[in-house]
Amino acid sequence: MKILVTGTAGFIGSYVTERLLELERGDDVIGLDCINDYYDVNVKYGRLKRAGIDRDDISDETEPVQSRIYPSYRFVKMALEDRSAVERLFEEEKFDKVINLAAQAGVRYSLTNPHAYIDSNIAGFMNLLEPCRHNKVKHLVYASSSSVYGLNESLPFATHDNVDHPISIYAATKKSNELMSHTYSHLYGLPTTGLRFFTVYGPWGRPDMALFLFTKAILEGRPIDIFNNGKMRRDFTYIDDIVTGVIKVLDNPPKGNPEWSGKDPDPSCSRAPYKIYNIGNNSPVGLMEYIEAIERAIGREAEKNYLPMQPGDVPATWANVDNLVEDLEYSPSVTVEDGVQRFVDWYLDFFKVSL
C-alpha cells in the first residue's frame, strides 16, 4: 500500500507518519509539506528529523528525499496550492490512500489573514481531490475540525448535528472541505472520511496552542493570557489517541449507508462512500484545571492575566465519539495529567531549559 501523508512536518502529520512506519505494515509512505513559517520552522524540521529527514537534505526541487531511518519513507517539500506539482506527484507515485493533514491552522490567525485559509484549505484541498479522483485513490482521510460546530450549543457535539453556523473563516474552510468531499464521494465514488479533531496536545505540539504558550510563558516568568476569564472547557485529546483513531479510520473506508434518507438527512454519512467522525477524548476539562496541571508539571504557579472572550472562540467543546467507538472500537486512554507532563518533559528537553 502506498500512502501519501500531507502536512507531514506538522504536529498530527508527523505522528501519523511515524506510526505508519513503526507499525511495519509494509506501507510505502510519502510525506508532503511546504514547511511554511506560520510558526517556528525549527519545530517542523525537528519533527522531520525524527523520521530520518535532515534539514540539509531538503531542497525546493519537489523531488522526494529518502529517509535515513525508514527505507519505506520519502519526503517531498511541496505546497498543495501548487496544482501542477501535486498532479505530477500523483501521476508518478500512484497512491492507494491519502491522509490530508496539511492546512493553514489557527482560529485567531484567520481573523487577520483570511486569504491564507482560502488558498491553502480550499484551493489546496481542491488540488488534492482532483488527482485522488483521476488516480482512483481508495480512501481519502482528511482533517476537519471541532471548530465547525460554531454557534452550536448542544453538548456534547455530535456529527449528526447541523454545523451551518461557523464563527471563523478557519471553521468555514473546514466545513467547506466536508462539503467538497461529499460532492466527490457522490459524483465519482471516491471514499472520503473527515475527522473533526478536538484540541490536540502533546509533545511536539504547535507553538500557537495554549499548552505551548502557557508553558513557555511560565518558564520565562511572564503572565499567561486567560480568555473568557477562565470560564472555558475543552475536550483536550492526547496526540497518541488521535493517531490511533486516524489509523483505524484509514483502514476502514466508508461504503455508504443504504438507509440514509434525503428527507431526514444525517450530516455524518450519506448513500455515497462518505463519513464524518469526531476524534476527541469525550471528557471536557476546565481551562483552569488544565492550567493547574501545567503548573504542577513545571512546579511553578503562573501569573494570570484574565481577558474577555476572543472573537471566533467558543466557551466549550465536547466530542460525542459514539459512532467512532461503535464502528471502530476507538478508546482514548491518556489523561490530561499524564499528557501535560509528557509535553513539559519534551519542552524542557527540546529547548534545553532547566528548572
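The values are calculated or read from the model by the stated rules, or taken from the named source; none is laboratory data. It should be emphasised that the depicted structure is a prediction, and the values quoted were computed from it without experimental measurement. We place every Cβ from the backbone using ideal geometry, glycine too, and count neighbours over all the protein chains shown. Heavy atoms of the whole protein, side chains included, go into the accessibility calculation; ligands, DNA and RNA do not. Shrake-Rupley method; radii C 1.70, N 1.55, O 1.52, S 1.80 Å.
With a 1.4 Å probe and all protein chains left in place, how much of the accessible area of the chain comes from carbon and sulfur atoms, in whole percent?
In the chain, the share of accessible area belonging to carbon and sulfur is 48 percent.
In units of 2.2 N^0.38 Å, what is the alpha-carbon radius of gyration of the stretch 36-146?
This ratio for the stretch 36-146 stands at 1.13.
By a straight-distance test (C-alpha under 16 Å), which lysines pair with K136 as possible cross-link partners, with residues fewer than eight away in the same chain excluded?
Within the straight-line cut-off, K136 pairs with K2, K94, K97, K255.
Percent of alpha carbon pairs in the stretch 145-191 separated by more than 18 Å?
The calculated P(r) of the stretch 145-191 puts 34 percent of pairs beyond 18 Å.
Restricting things to Cα coordinates, could you compute the convex hull volume per residue of the chain in Å³?
Expressed per residue, the convex hull around the Cα atoms of the chain is 128 Å³.
How many percent of DSSP beta bridges within the stretch 81-240 run antiparallel, rounded to 5?
Percent antiparallel among DSSP bridges in the stretch 81-240 is about 0.
Please calculate the 1.4 Å probe accessible area of Y201, with all protein chains present, and give it to the nearest 10 Å².
10 Å²
What is the gain in length, in nm to one decimal, between D327 and M126 on full extension, counting 0.36 nm per residue of separation less the C-alpha to C-alpha distance?
Taking D327 through M126 to full extension adds about 69.5 nm, to one decimal.
So, taking all protein chains as they sit and a 1.4 Å probe, how much accessible area belongs to C34, in Å² rounded to tens?
50 Å²
If you project the alpha carbons of the stretch 246-337 onto their three principal axes, what span does each projection cover, largest first, in Å?
55, 30, 16
Report the equivalent ellipsoid semi-axes for the stretch 187-266 in whole Å, largest first, defined as the square roots of five times the eigenvalues of the gyration tensor built from alpha carbon atoms.
38, 17, 9
If R0 is 35 Å, what FRET efficiency do you get for S354 and D37 from their C-beta distance, rounded to 0.05?
0.80
Averaged per residue, what accessible surface does the chain expose to a 1.4 Å probe, in Å²?
44 Å²
Among 114-123, 6-15, 231-240, how do they line up by average Cβ neighbours within 10 Å per residue, starting with the highest?
6-15, 231-240, 114-123
At a threshold of 8 angstrom on Cα-Cα distance, excluding pairs fewer than six apart, so keeping six or more, what relative contact order does the stretch 184-271 reach in percent?
Reported as a whole number, the value is 33 percent.
Could you compute the FRET efficiency for S261 and N162, with r as their C-beta to C-beta distance and R0 at 22 Å, rounded to 0.05?
0.90
Gap in Å between the Cα centre of the stretch 72-131 and the Cα centre of the stretch 1-43?
Cα centroid of the stretch 1-43 versus Cα centroid of the stretch 72-131: 13 Å apart.
In whole Å, largest first, what are the principal axis extents of the Cα atoms in the stretch 1-87?
31, 28, 22
Amide H of D28 versus every other amide H placed in the peptide plane: which residues, excluding those fewer than 5 positions away on the same chain, fall under 5 Å?
K2, I3
Per Stokes-Einstein, at 20 °C and 1.002 mPa s, what whole-number D in µm² s⁻¹ belongs to the stretch 109-242, with the Kirkwood radius over Cα pairs as the hydrodynamic radius?
Roughly 127 µm²/s, to the nearest whole number.
Please compute the contact order of the chain in relative form: average sequence separation of alpha-carbon pairs under 8 Å and at least six residues apart, divided by the residue count, as a percent.
17 percent
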